[in-house]
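Take a look at the structure below.
The values are calculated or read from the model by the stated rules, or taken from the named source; none is laboratory data. Only a predicted model underlies this, so the values are computations on that prediction, with no experimental measurement involved. So basically every Cβ, Gly included, is an ideal-geometry build from the backbone, and we count neighbours across all protein chains shown. With ligands, DNA and RNA removed, areas are computed over all heavy atoms of the protein, side chains included. Shrake-Rupley method; radii C 1.70, N 1.55, O 1.52, S 1.80 Å.
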Amino acid sequence: MKPQISTKKVVVLLVFLAVLLRLPTLGSVLSGDEATTFLMHSGPSWESLFLSYLGPNQHTLFSALSNLMMKIFGYSEIVFRMPSVIAGSLAVPLIILVGSRLTGSVSVGWVAGILMVFSAPNIFWSQLGRGYALTICLSLAVVFFALKIEDNLSRWSWKWGLILSGLAMVLTLPSNVYFLLGCAVAFVFR
């Protein structure tokens, strides 16, 4: 009898591979919009960060997570970018779950997860200190929680997950509210 590889082990392996692929260039010098984000939003008070919107370089949730990590682990380019690496890597198991559910095929979910591991745009955004990898991860979380609510409307944990992931998306980039509206319309017609 052949030993079976567990699903959890494969997911962990894919996430580990995703992290490894996102590590190169993590310590490179900050430049462009990423440098602007760092200069304008690393170190301000929490009140200033959450109550003052200074423009399109403000990815509030990313900056809050990045500032928290830098307070804990010290100031460096790697630590500044760490929320992006984590979000980009966590998108892998989320797309497996969402892909499987939306298509009704576990195989499609696995193919989507493998494609996400090697996705050049996802790797790129996961290596930058900006909120785009966080947006990718949170959009998948929103769809995941919406699908779970379809299964069990009375379960509050799914509702809270949807509310918090939606709020987190808007805190990351205010324009993400358009995705949330589109998602709501899609699920109403579903």
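A few remarks follow.
- Neighbours by Cβ (under 8 Å, 6+ apart or cross-chain): first from segment 44-70, within 18 Å of ILE136 (Cβ to Cβ); second charged (D, E, K, R) and open to solvent by less than 30 Å² (accessible area, probe 1.4 Å): HIS59/ARG130; PHE62/ARG130; SER66/ARG81
- Candidates LEU30, LEU20, LEU39 - the one that is of a type in the set (A, V, I, L, M), outside any helix (DSSP H, G or I) and more than 16 Å from the chain's Cα centre (by Cα): LEU30
- One residue from SER42, SER107 being of a type in the set (Ser, Thr, Tyr) and either surrounded by 12 or more Cβ atoms within 10 Å (Cβ to Cβ) or under 14 Å from SER126 (Cα atoms) (or both): SER42
- Matching option when the condition is basic (Lys, Arg), open to solvent by 40 Å² or more (accessible area, probe 1.4 Å) and within 30 Å of LEU147 (Cβ to Cβ), among ARG101, ARG22: ARG101
- Test set (1) part of a helix (DSSP H, G or I); (2) touching a Lys or Arg at 6+ places or on another chain (Cβ under 9 Å) - LEU153 fails condition number: (1)
- Residue in segment 70-83 that is closer than 24 Å to LEU171 by Cα, polar (S, T, N, Q) and buried (at least 21 other Cβ atoms within 10 Å of the Cβ) present: no
Residue by residue, here is whether (1) among the acidic types (Asp, Glu); (2) farther than 24 Å from PRO121 by Cα; (3) touching a helix residue (DSSP H, G or I) at 6+ places or on another chain (Cβ under 6 Å) holds:
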residue	(1), (2), (3)
THR7	no, yes, no
VAL10	no, no, no
LEU17	no, no, yes
LEU23	no, no, no
PHE62	no, no, yes
PHE73	no, yes, yes
SER76	no, no, no
PRO93	no, no, yes
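- Subset of segment 155-184 (residues that are exposed (fewer than 12 other Cβ atoms within 10 Å of the Cβ) and farther than 19 Å from ARG101 by Cβ): TRP156, TRP160, SER175, TYR178, LEU181
- Within segment 25-39, the only residue that satisfies the criterion of being surrounded by fewer than 11 Cβ atoms within 10 Å (Cβ to Cβ) and in contact (Cβ under 8 Å) with a residue 24 or more places away in the chain is VAL29.
- Hey, VAL117 in contact (Cβ under 8 Å) with a residue 60 or more places away in the chain and open to solvent by less than 30 Å² (accessible area, probe 1.4 Å) or not: yes
- Top-ranked residue of segment 123-148 - restricted to ones that are within 8 Å of the chain's Cα centre (by Cα) and farther than 15 Å from LEU180 by Cβ, ranked as most open to solvent (accessible area, probe 1.4 Å): TYR132
- Residue-level analysis places PRO56 among those that are modelled with pLDDT under 80, under 24 Å from ILE123 (Cβ atoms) and loosely packed, with under 14 Cβ neighbours inside 10 Å.
- Checking PHE50 against (1) closer than 15 Å to ILE86 by Cα; (2) part of a helix (DSSP H, G or I), the condition it does not meet: (1)
- If the condition is being within 11 Å of the chain's Cα centre (by Cα) and of a type outside the set (Gly, Ala, Ser), then segment 149-179 contributes MET169, THR172.
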